[in-house]
């Protein structure tokens, strides 16, 4: 029954985040459906508890582009 319920009401996709300090050291890990609002959180590919207190591997950071997915087209007058 639970599987049927999960099919009818999809859950938001959970994404993983790490909080980095000014030196790039991981201070916290979080899994959430929305990006954290505070400054310093970056999206990562996976969560590894041994990153806490250490520098985060750069290949684990997901870089999102600031461009919109669909380019805006200018309307002609």
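Can you tell me which residue in the stretch 46-61 is nearest to residue 32 (Cα to Cα), limited to those that are part of a loop (DSSP other than H, G, I, E, B) and modelled with pLDDT under 90?
Taking the candidates together, the pick is 56.
Quick one: which residue in 64, 16 is within 13 Å of the chain's Cα centre (by Cα) and loosely packed, with under 10 Cβ neighbours inside 10 Å?
Only one candidate qualifies: 64.
The values are calculated or read from the model by the stated rules, or taken from the named source; none is laboratory data. Values in this document were obtained by computation on a predicted structure and should not be read as measured data. When we count neighbours, we look across all protein chains shown, and the Cβ atoms used for this are built from the backbone with ideal geometry, even at glycine.
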